[in-house]
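Enquirer: Supplied in structure tokens, the structure appears directly below.
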């Protein structure tokens, strides 16, 4: 037994002594956070749809740190201090991202400690004053649509959709019922209304989440109104 | 004394043997690795290297991986592990679905990027050219075959990625400058031009022999040319409808002005095969008495099959697959499994009626009452014979054993009696003894490996005894090019060039073989007709995927909006018809003693509750993602659009 104890002591000591070299790096500490906004007003997207890329040059390979905006249009990273560049790849997002010669313009970010920055973009349309209400078994969404981009980049509305879901994710990927209105069927942009019957929920719950999405022709990603919880 | 003597002798031996010079002694030829000189010193050895190169062509779908067959809601995936991937997930990744890991690395179905293969093809050609053991004729034919494989592989890459770097000789690293190995992407049009040019040269070098199926022939080169030119033409023409799917350098997208020249090339190449100059190819018509079986036999009949042009061949005991094993009708099968690919109603109802019109399957009459059928198959009567050759329908047989597909018993008061297991038994009202109320092949919602949509796949299933057994497997070949495609390529190209009656002539040949003997006229040929004909003729052959892409209709077909029954059952002929969810057609036995309809069959259109997502094709899906790791290694590569 005694010998075994010596062995243990020897290994324990050697572990302590030999591993004392500095072999760890500091974890990244600087938080980069922000949101995608139009005139200070945050935009809402679908979960896992609108991607962006962060680049930091000077360290060998030039790969991107790729990530995806949250449904609330926010992004957050823990990074090292330094110079970064942010781009949204062309074709991503229901908004216009400036480009030059077919390549997206980058936003330079100087990161020194925690940084919060909002990024201004031009969405094709804004959903204004969304009203989501529940009454007698159905959810109704009423809202206005305001065209923001009117130049050569303007897009037409393909459809608007009202989603209801059992969870906070109320979008094309997660929903229990939807209703669509084709863009061509919208007569008055200042008064768009949709309603959908709430199906039987299993297991039962006395609330649903609802949101409105707008799809533009030739653009993958939809723009959303903030998700609202409706209790009944 | 004696011992000492032995030791002395032994020592002497050690000296005598140990005196070889060190360099001779230590320089041992490796026994596992053949040097290039050794490998190319024997003609049969060279052939085996070439065989390996044949084996590494990229196919999608692949008979060894059944999930590569039925995507895009042409089928429902009846296996517990796949529900969430395919029916609970609305988007495709930019690399396609994840396949099995290879060597610890994830693989994806839409990313064939393999420049190791291209390098080895290039090395093969270079080493073959300098090999001394081969005679000149063998050398030339091997090099031509490798060239064909290279062109074919670049064509494959183009279908997924658009333009990629074209590397035509083996590259060596000079030790200092890595940029000398970095090549930019070629234009998408240059890729197709390369494939067409190679095919034009190769058709003079390869043998014109329609009996050679597994190796490169003149027919295969021309078939590749016709398909490549057609793809290029349609991307040029229909790419104009999705202007955002392009890159300013032309790596993705082809100018619309080039469409006509490509269509002309496609038509010319197809007509060269049709004229018979590449060998005696013709439509397979060995079983005129049973057109459905005749259609299925194209894929399993390997003797004197003049329809098939180029295949990935299989042979029992050497290279086999379990496609029949995993997809055979489950009840009474050779192995207690099968039934994974269940063709959807979306596909089944798109097979035309014999008068060339489209109609949904008649489940209900004008008053909304059920239509009662004496035999299960009656609802499918009077349709395109390819239906029975592509899909195992309720009431039909496979390997002479009838399938047992019915979802339950329908009572006159509207109640349905069914069971939760295959072949479940229950007591029907007015009876005392339990009897079977659901088929042994299902469909039962959520029970995998049964016909959950009411259908099994027929195409590529092997009728040979033992094909469904794990230990035996199937040797059915994977058809890469066949004569019917050549005819439909010619029809499409002729139609786009304004020669509608020529197009009708070619298309009618393919349709007549399927029992659609009322000929179409030039005026009947439309874009929708072309897309539809290819969809039903080539169902589960992988063509649908590339057609959706090159016609730029995928984002309309999979627009992310749930498919309701009204939409499902209308506009059957339209190419851009929504198909975001796979529907089922469930047979029920009608039970109403005393009624004339007692014991007859009714059908119900249904959507499984496993299908929760509506597929949404993003514009970024039109071209596969070039992985970030590849992009960082070669900064000259530009990213794909919309990703």
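Laboratory data are not the source of any read-out in this text; all were calculated from the coordinates shown. Keep in mind that what you see is a predicted model, and the values were worked out from it rather than measured. A quick note on method: Cβ atoms are made from the backbone with ideal geometry, for glycine too, and the neighbour counts reach across all protein chains shown.
Enquirer: Show me the ranking of peptides A:103-112, B:485-494 by mean Cβ neighbours inside 10 Å, starting with the highest.
Expert: Ranked by mean Cβ neighbours within 10 Å, highest first: B:485-494, A:103-112.
Enquirer: Would you mind giving the mean number of other chain beta-carbons within 10 Å of the Cβ of each residue in A:45-58, as a whole number?
Expert: 1
Enquirer: Given labels modelled 7 Å from the Cα in the Cβ direction, how far is it in nm from residue B:365 to residue B:172?
Expert: 8.3 nm
Enquirer: Counting other beta carbons within 10 Å of each Cβ, put B:537, B:627, A:120 in order, fewest first.
Expert: Final ranking by Cβ density, sparse to dense: A:120, B:627, B:537.
Enquirer: What ranking of B:5, B:540 emerges when the number of other C-beta atoms within 10 Å of each C-beta is taken as an exposure proxy, fewest first?
Expert: B:5, B:540
Enquirer: Round to the nearest 10 and give me the degree value, 0 to 90, for the angle of helix B:527-537's Cα axis relative to the longest principal axis of chain B.
Expert: With rounding to tens, the tilt is 80 degrees.
Enquirer: Can you pull the mean other chain C-beta count within 10 Å for peptide A:172-178?
Expert: 5
Enquirer: Any idea what angle helix B:2-18 forms with the longest principal axis of chain B, computed on alpha-carbon atoms, 0 to 90 degrees, nearest 10?
Expert: Around 80 degrees separate the two axes.
Enquirer: By how many nm would the segment from residue B:595 to residue B:275 grow when fully extended, if each residue of separation counts as 0.36 nm and the alpha-carbon distance is taken off?
Expert: So the extension gain works out to 109.2 nm.
Enquirer: Rounded to the nearest angstrom and ordered from largest down, what semi-axes does the equivalent ellipsoid of region B:440-538 get from its C-alpha gyration tensor (root of 5λ)?
Expert: Whole-Å semi-axes of the equivalent ellipsoid: 36, 18, 11.
Enquirer: Another one. Starting from the Kirkwood radius over alpha-carbon pairs of chain B, derive D by Stokes-Einstein at 10 °C in a medium of 1.306 mPa s and give it in µm² s⁻¹.
Expert: Here the translational diffusion coefficient equals 59 µm²/s.
Enquirer: Show me the ranking of peptides B:321-331, B:270-280 by mean Cβ neighbours inside 10 Å, starting with the highest.
Expert: Going by the mean number of other Cβ atoms within 10 Å, highest first, we get B:321-331, B:270-280.
Enquirer: Now, a different point. Please give the helix B:136-161 orientation as an angle from the longest Cα principal axis of chain B, in degrees from 0 to 90, rounded to the nearest 10.
Expert: The answer is roughly 50 degrees.
Enquirer: Also, I was wondering about something else. Just to verify a number: FRET efficiency for residue B:105 and residue B:293, C-beta to C-beta distance, R0 = 51 Å, to 0.05?
Expert: Step by step, r from the Cβ atoms, then E = 0.75.
Enquirer: Continuing with the same structure: Count, for each residue of A:212-220, the Cβ atoms from other chains sitting within 10 Å of its Cβ, then give me the mean as a whole number.
Expert: Going residue by residue through A:212-220 and averaging, the value is 3.
Enquirer: If you don't mind, there's one more thing I want to ask. For an R0 of 51 angstrom, estimate the FRET efficiency from the Cβ-Cβ distance between residue B:204 and residue B:10 and round to the nearest 0.05.
Expert: Efficiency at R0 = 51 Å is approximately 0.15.
Enquirer: Counting only C-alpha contacts under 8 Å and six or more residues apart, can you give the relative contact order of region A:30-122 as a whole percent?
Expert: It comes to 40 percent, rounded to a whole number.
Enquirer: Another one. Calculate for chain B the 222 nm mean residue ellipticity that helices alone would give, adding -39,500 (n - 2.57) per DSSP H run of length 4 or more and normalising by residue count, nearest 500 deg cm²/dmol.
Expert: -10500 deg cm²/dmol
Enquirer: While we're here: Can you work out the PRE-style zone for residue B:313? Point 7 Å along Cα to Cβ, and I want the residues of region B:217-245 with backbone N under 13 Å.
Expert: Those under the cut-off are B:217.
Enquirer: Using the basic label-point model (7 angstrom from Cα toward the beta carbon), what is the residue B:59 to residue B:629 distance in nanometres?
Expert: Rounded to a tenth, the inter-label distance reads 2.6 nm.
Enquirer: State, as an integer percentage, the relative contact order of chain A based on alpha-carbon contacts under 8 Å between residues 6 or more apart.
Expert: 19 percent
Enquirer: Beta carbons within 10 angstrom, averaged per residue: use that to sort the peptides B:161-169, B:47-55, B:446-454, highest first.
Expert: B:446-454, B:161-169, B:47-55
Enquirer: Using the Cα gyration tensor of the protein assembly as shown, with a ≥ b ≥ c the square roots of its eigenvalues, what is the shape: rounded (a/c below 1.5), prolate (a/b larger than b/c) or oblate (neither)?
Expert: rounded
Enquirer: Over chain B, what is the mean sequence separation of C-alpha contacts under 8 Å (at least six apart), divided by residue count, expressed as relative contact order in percent?
Expert: 18 percent
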